[in-house]
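The values are calculated or read from the model by the stated rules, or taken from the named source; none is laboratory data. These numbers come from a predicted model, not from an experiment. Cβ coordinates were reconstructed from backbone atoms using ideal geometry, including for glycine residues, and neighbour counts include every protein chain displayed. Ligands, DNA and RNA are excluded from the accessible area calculation, which covers all protein heavy atoms including side chains. Shrake-Rupley method; radii C 1.70, N 1.55, O 1.52, S 1.80 Å.
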Amino acid sequence: MRVDLQDKIRLLPKNPGVYVMLGASGEVIYVGKAKNLKNRVTQYFYDGVKTDKVMAMVANVVDFYYIITNSEADALSLENNLIKKNKPKYNILLKDDKTYPYIKIDLKKPFPRFEIVRSIKRDGARYFGPFMGGINAKEIVEILSSAFLLRSCSLPLTENSKKRECLEYHIKRCLGPCNGLCTKEEYMNRVNSALDFLAGNDDEAEEILTAKMNLFAQNEEFELALAYRDKIKSLKKIREKKITSLNRFISCDVISIATDNIHSAINVLITRGGRMQGGKYFAFEDASVSVEECLEDFIIRFYDKNNEIPDEIIVNKELSDASLLEEYFKNNFGKKVSILCAKQGVRKQLCDMAEINAKDYLEKSIEKIKHKEDMTVSACKRLQTLLGLKKYPKRMECYDISNISGVDKVGSMVVFTDGVKDAEQYRRFKIKTVEGADDFASLKEVLTRRILRMQEQEEKFLPPDLIIIDGGKGQLSAVHEVFLELGVNDIELISLAKKQEEIFTLNSEDPVLLPKNDYCLRLLQRIRDEAHRFAITYHRTLRQKRSFFSQLNEIEGLGKKKINALLLRFGSVAEIALASLEELKEVEGIGEKHAKTIYSHFHEKGEKDGR
């Protein structure tokens with residue numbers, strides 16, 4: 001144990017709270033919560049049985065501090081916030097994995113529709129999913145439209161809407177609420193039937209689809225009959241995913257962990273409405289004292305990433321803080337969740353299945369984890385040594401400029417934390433003060449704005465350990481001038497020149513050249529290329545937006561509000577050009593005068609162009 005920490009450990013209070021472990025450069029390397037701070041922190045530093053991953057973390061601790069909280073629940077929330085802010089190396093940090101589709105419906109709207117989305121928002125809408133394992137969300141929405149005649153369009157509707165009905169109504173796939181052809185009560189009855197279907201009761205949907213298929217077949221409309229036959233087949237495929245012993249109204253996630261005391265893997269099996277939707281896999285390292293604590297930390301991180309929160313969470317380890325987690329979900333998400341360790345029955349079978357999957361995934365992932373370590377954290381450590389950096393470059397920022405002949409000038413800032421890209425921290429800048437194509441001046445403007453925001457202690461602009469500039473010695477010198485003017489002396493600065501992949505530093509006139517296969521060089525190339533990609537993407541977006549609006553800005557009398565209304569109604573300039581005079585007059589804020597002007601603009605232009 002480090003002698004200099006003995007006094008701090010002895011004076012620790014016995015209150016609940018959060019403790020923060022610090023590394024050699026003062027960086028946060030681990031955050032944990034405790035019912036009793038003194039007992040928990042002491043466990044790390046005194047002899048006893050500790051896992052290899054805990055010992056590895058303790059070996060890097062040079063200091064710690066703690067924050068006392070009023071309760072364990074407060075400690076849990078504070079721990080989560082500190083982990084999100086600092087991204088400590090030895091905590092579980094879940095990156096966004098493959099995003100699966102959900103079906104969303106906002107019941108607060110007069111005539112709600114089912115739509116496919118890729119993420120969950122805490123917006124009061126209802127979400128169903130995620131859909132995986134061979135269940136196609138698009139097929140399910142098709143079934144809902146065909147069976148219950150619900151609208152699929154995105155038009156904003158009210159109870160008094162009077163818009164021309166579309167083809168969906170005429171082919172009997174919609175009740176036509178856009179033109180008042182059904183009452184709100186009638187429509188909501190169909191919505192409730194669709195919600196019942198998504199909850200697991202698919203009998204009514206099958207009866208409706210079968211009746212329609214038979215009717216079309218009798219009328220010798222065989223193409224339509226075949227389409228409904230295919231929908232019935234999709235329905236049967238969904239039914240095959242049912243778990244017979246699980247109540248159809250139960251939605252649960254089954255979470256099982258496997259570990260080799262250094263690496264851990266978790267399998268999440270997702271069931272909704274009594275159906276198996278599929279599974280997600282995660283592999284990671286962390287410094288939790290026990291496998292149970294690791295599982296608890298994972299649960300918080302997993303649902304904090306906007307994953308749908310189920311009614312039940314079933315785990316393969318007995319959690320001492322299960323009731324605390326239930327309180328956390330209730331306080332933070334307004335959701336009542338039961339967390340239980342399965343002992344028998346179908347829940348135990350699902351838990352065992354998830355554990356087998358987790359063990360298998362762990363075996364296959366260990367080499368990938370080690371390789372990732374070489375390319376990220378280990379590369380950052382070697383970079384510190386190779387370039388003579390004063391501290392470990394935990395947070396690296398890279399900047400690039402993009403423009404064409406000085407038009408639509410933009411700058412990009414991308415962030416890598418521990419060698420892994422951190423897209424939530426990316427920022428983009430419109431160049432405001434530079435005339436023409438002057439990359440040096442543009443870089444100086446971007447860095448000046450960024451550093452001033454950092455000095456103003458703006459929470460979203462955390463200070464970096466290392467700034468990387470895409471360019472050579474000239475670009476490095478330009479940014480160094482900004483550092484000197486603003487009194488920046490605690491941030492390292494380098495540049496990477498693309499042609500020979502030379503690394504320029506402030507410590508030497510000569511560049512550093514690394515072998516092409518060196519993981520340190522590859523890390524710098526990744527962050528440089530990502531900054532370039534992000535800058536180019538933003539530049540193209542601005543250019544397209546300028547071109548997009550310029551066509552409508554040519555029309556006399558159209559302001560921003562009217563242009564937005566037109567785009568909301570028609571979706572694109574091409575569709576506006578094809579719209580009839582009557583359709584244009586239906587747009588909010590577009591009277592007969594403006595409708596004629598818009599119509600004439602596009603049709604006269606078409607005649608001049610020979611269309």
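Inspect all residues belonging to region 473-495 and state whether any of them is in contact with a Gly (Cβ under 8 Å, 6 or more places away or on another chain), in a helix (DSSP H, G or I) and at pLDDT 90 or above. Quick ask: steps written out before the conclusion?
Step one: filter region 473-495 for residues in contact with a Gly (Cβ under 8 Å, 6 or more places away or on another chain), giving 495.
Adding the requirement that they be in a helix (DSSP H, G or I) leaves none.
No, the conditions are met nowhere in region 473-495.
Does residue 320 satisfy the condition of being polar (S, T, N, Q), touching a helix residue (DSSP H, G or I) at 6+ places or on another chain (Cβ under 9 Å) and open to solvent by 20 Å² or more (accessible area, probe 1.4 Å)?
Numbers: polar (S, T, N, Q): yes; touching a helix residue (DSSP H, G or I) at 6+ places or on another chain (Cβ under 9 Å): yes; open to solvent by 20 Å² or more (accessible area, probe 1.4 Å): yes.
Spelling it out, residue 320 is indeed polar (S, T, N, Q), touching a helix residue (DSSP H, G or I) at 6+ places or on another chain (Cβ under 9 Å) and open to solvent by 20 Å² or more (accessible area, probe 1.4 Å).
Take the conditions among the β-branched types (Val, Ile, Thr), assigned to a loop (DSSP other than H, G, I, E, B) and either more than 23 Å from residue 118 (Cβ to Cβ) or at pLDDT 85 or above (or both) and apply them to residue 299. Does it pass? Outline the logic, then answer.
On the way: among the β-branched types (Val, Ile, Thr): yes; assigned to a loop (DSSP other than H, G, I, E, B): no; either more than 23 Å from residue 118 (Cβ to Cβ) or at pLDDT 85 or above (or both): yes.
So residue 299 fails the test.
Specify the residue that is modelled with the lowest pLDDT; the eligible residues are those in region 118-133 that are outside any loop (DSSP other than H, G, I, E, B) and within 18 Å of the chain's Cα centre (by Cα).
128
Can you pull out every residue in region 14-59 that is within 32 Å of the chain's Cα centre (by Cα), closer than 22 Å to residue 300 by Cα and of a type in the set (A, V, I, L, M)?
Once the filter is applied, which keeps residues that are within 32 Å of the chain's Cα centre (by Cα), closer than 22 Å to residue 300 by Cα and of a type in the set (A, V, I, L, M), region 14-59 yields 18, 20, 21, 28, 29, 31, 34, 54, 57.
Please verify whether residue 497 is aliphatic (A, V, I, L, M) and out of contact with any strand residue (DSSP E or B) (no Cβ under 8 Å at 6 or more places or on another chain), treating the condition exactly as stated. Outline the logic, then answer.
On the way: aliphatic (A, V, I, L, M): yes; out of contact with any strand residue (DSSP E or B) (no Cβ under 8 Å at 6 or more places or on another chain): no.
It is false that residue 497 is aliphatic (A, V, I, L, M) and out of contact with any strand residue (DSSP E or B) (no Cβ under 8 Å at 6 or more places or on another chain).
For (1) surrounded by 19 or more Cβ atoms within 10 Å (Cβ to Cβ); (2) basic (Lys, Arg); (3) over 25 Å from residue 383 (Cα atoms); (4) touching a residue at least 12 places away in the same chain (Cβ under 8 Å), each residue gets a yes or a no:
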residue	(1), (2), (3), (4)
442	yes, no, yes, yes
445	yes, no, yes, yes
454	no, no, no, no
457	no, no, yes, no
465	yes, no, no, yes
468	yes, no, no, yes
475	yes, no, no, yes
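Go through (1) over 19 Å from residue 154 (Cα atoms); (2) surrounded by fewer than 18 Cβ atoms within 10 Å (Cβ to Cβ) one by one and return the number of the condition residue 601 breaks.
Residue 601 satisfies every listed condition except (2).
Which numbered condition in (1) out of contact with any Leu (no Cβ under 6 Å at 6 or more places or on another chain); (2) surrounded by fewer than 20 Cβ atoms within 10 Å (Cβ to Cβ); (3) modelled with pLDDT of 80 or more is the only one that residue 292 fails?
All conditions pass for residue 292, except number (1).
Given the options 91, 80, name the one that is touching a residue at least 24 places away in the same chain (Cβ under 8 Å), on the phi < 0 side of the Ramachandran plot, among the polar types (S, T, N, Q) and part of a loop (DSSP other than H, G, I, E, B). Break it down into steps so the answer makes sense when it comes.
Values: 80 fails: part of a loop (DSSP other than H, G, I, E, B).
Step by step, each of 91, 80 is checked, and only 91 is touching a residue at least 24 places away in the same chain (Cβ under 8 Å), on the phi < 0 side of the Ramachandran plot, among the polar types (S, T, N, Q) and part of a loop (DSSP other than H, G, I, E, B).
Residue-by-condition table, conditions (1) open to solvent by 20 Å² or more (accessible area, probe 1.4 Å); (2) modelled with pLDDT of 75 or more; (3) out of contact with any Ser or Thr (no Cβ under 9 Å at 6 or more places or on another chain):
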site: 521; (1), (2), (3): no, yes, yes
site: 524; (1), (2), (3): no, yes, yes
site: 528; (1), (2), (3): no, yes, yes
site: 531; (1), (2), (3): no, yes, no
site: 536; (1), (2), (3): yes, yes, no
site: 541; (1), (2), (3): yes, no, yes
site: 552; (1), (2), (3): no, no, yes
site: 557; (1), (2), (3): yes, no, no
site: 564; (1), (2), (3): yes, yes, yes
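Take residue 309 and tell me if it is surrounded by 19 or more Cβ atoms within 10 Å (Cβ to Cβ), under 17 Å from the mean Cα position of the chain (by Cα) and more than 17 Å from residue 83 (Cβ to Cβ). Walk me through it before giving the result.
Values: surrounded by 19 or more Cβ atoms within 10 Å (Cβ to Cβ): yes; under 17 Å from the mean Cα position of the chain (by Cα): yes; more than 17 Å from residue 83 (Cβ to Cβ): yes.
The answer is yes for residue 309.
Would you check if residue 353 is aliphatic (A, V, I, L, M), within 23 Å of the chain's Cα centre (by Cα) and over 30 Å from residue 73 (Cα atoms)?
Values: aliphatic (A, V, I, L, M): yes; within 23 Å of the chain's Cα centre (by Cα): no; over 30 Å from residue 73 (Cα atoms): yes.
So residue 353 does not fit the description; no.
Given (1) at pLDDT 80 or above; (2) in a strand (DSSP E or B), identify the lone condition not met by residue 279.
Of everything listed in (1) at pLDDT 80 or above; (2) in a strand (DSSP E or B), residue 279 misses just condition (1).
With in a loop (DSSP other than H, G, I, E, B), closer than 26 Å to residue 131 by Cβ, at pLDDT 80 or above and open to solvent by less than 40 Å² (accessible area, probe 1.4 Å) as the only criterion, which of 174, 182 stands out? Talk me through it step by step, then tell me what you get.
Working: 182 fails: closer than 26 Å to residue 131 by Cβ.
Step by step, each of 174, 182 is checked, and only 174 is in a loop (DSSP other than H, G, I, E, B), closer than 26 Å to residue 131 by Cβ, at pLDDT 80 or above and open to solvent by less than 40 Å² (accessible area, probe 1.4 Å).
Return the residue satisfying two criteria in turn: it lies in region 356-388 and is more than 19 Å from residue 492 (Cα to Cα) and of a type in the set (A, V, I, L, M, F, W, C), and of such residues it is farthest from the chain's Cα centre (by Cα). Steps first, answer last, please.
Residues of region 356-388 more than 19 Å from residue 492 (Cα to Cα): 356-375.
In the following step, the residues that additionally are of a type in the set (A, V, I, L, M, F, W, C) were identified as 356, 358, 362, 366, 369, 375.
On the way: 356: 28, 358: 23, 362: 24, 366: 25, 369: 22, 375: 23 Å.
Among those that are more than 19 Å from residue 492 (Cα to Cα) and of a type in the set (A, V, I, L, M, F, W, C), it is 356.
Please list, ordered by first then second residue, the pairs with beta carbon atoms under 8 Å, 6 or more apart or interchain, first in region 362-378 and over 21 Å from residue 391 (Cβ atoms) and in contact (Cβ under 8 Å) with a residue 40 or more places away in the chain, second among the acidic types (Asp, Glu) and open to solvent by 100 Å² or more (accessible area, probe 1.4 Å).
Hits for this filter: zero, empty list.
What's the number of the only condition in (1) closer than 19 Å to residue 384 by Cβ; (2) out of contact with any helix residue (DSSP H, G or I) (no Cβ under 7 Å at 6 or more places or on another chain); (3) of a type in the set (A, V, I, L, M, F, W, C) that residue 468 fails to meet?
(2)
Does residue 432 meet the test of being closer than 18 Å to residue 505 by Cβ and either surrounded by fewer than 18 Cβ atoms within 10 Å (Cβ to Cβ) or in contact (Cβ under 8 Å) with a residue 40 or more places away in the chain (or both)? Steps first, answer last, please.
On the way: closer than 18 Å to residue 505 by Cβ: no; either surrounded by fewer than 18 Cβ atoms within 10 Å (Cβ to Cβ) or in contact (Cβ under 8 Å) with a residue 40 or more places away in the chain (or both): yes.
Taking the combined requirement at face value, the residue does not satisfy it.
How about region 145-193: which of its residues are closer than 21 Å to residue 213 by Cβ and touching a residue at least 60 places away in the same chain (Cβ under 8 Å)? Talk me through it step by step, then tell me what you get.
Taking region 145-193 as the starting set, the residues that turn out to be closer than 21 Å to residue 213 by Cβ are 145-150, 152, 167-175, 190, 193.
Within region 145-193, 146, 147, 148 meet the criteria.
What residue, among those in region 262-276 that are of a type in the set (S, T, N, Q) and over 26 Å from residue 37 (Cα atoms), is modelled with the lowest pLDDT?
Once the filter is applied, the top-ranked residue is 271.
Do we have any residue at all in region 46-64 that's under 30 Å from residue 125 (Cβ atoms), of a type in the set (Lys, Arg) and open to solvent by 50 Å² or more (accessible area, probe 1.4 Å)?
Of the residues in region 46-64, the ones under 30 Å from residue 125 (Cβ atoms) are none.
No; the residues of region 46-64 include none that is under 30 Å from residue 125 (Cβ atoms), of a type in the set (Lys, Arg) and open to solvent by 50 Å² or more (accessible area, probe 1.4 Å).
Going residue by residue through region 421-432, is there one that turns out to be over 22 Å from residue 472 (Cα atoms), at pLDDT below 85 and part of a loop (DSSP other than H, G, I, E, B)?
Checked against the condition, which is being over 22 Å from residue 472 (Cα atoms), at pLDDT below 85 and part of a loop (DSSP other than H, G, I, E, B), region 421-432 yields at least one hit.
With respect to residue 328, determine if the residue is assigned to a strand (DSSP E or B), crowded, with 16+ Cβ neighbours inside 10 Å and aromatic (Phe, Trp, Tyr). Walk me through how you get there before you give the answer.
Details: assigned to a strand (DSSP E or B): no; crowded, with 16+ Cβ neighbours inside 10 Å: yes; aromatic (Phe, Trp, Tyr): yes.
No; evaluated as a whole, the condition is false for this residue.
Which number in (1) at pLDDT 80 or above; (2) assigned to a helix (DSSP H, G or I); (3) within 37 Å of the chain's Cα centre (by Cα) marks the one condition that residue 151 misses?
It fails just one condition, (2).
Need the failing condition index for residue 231 against (1) open to solvent by 80 Å² or more (accessible area, probe 1.4 Å); (2) within 14 Å of residue 173 (Cβ to Cβ), just the number.
(1)
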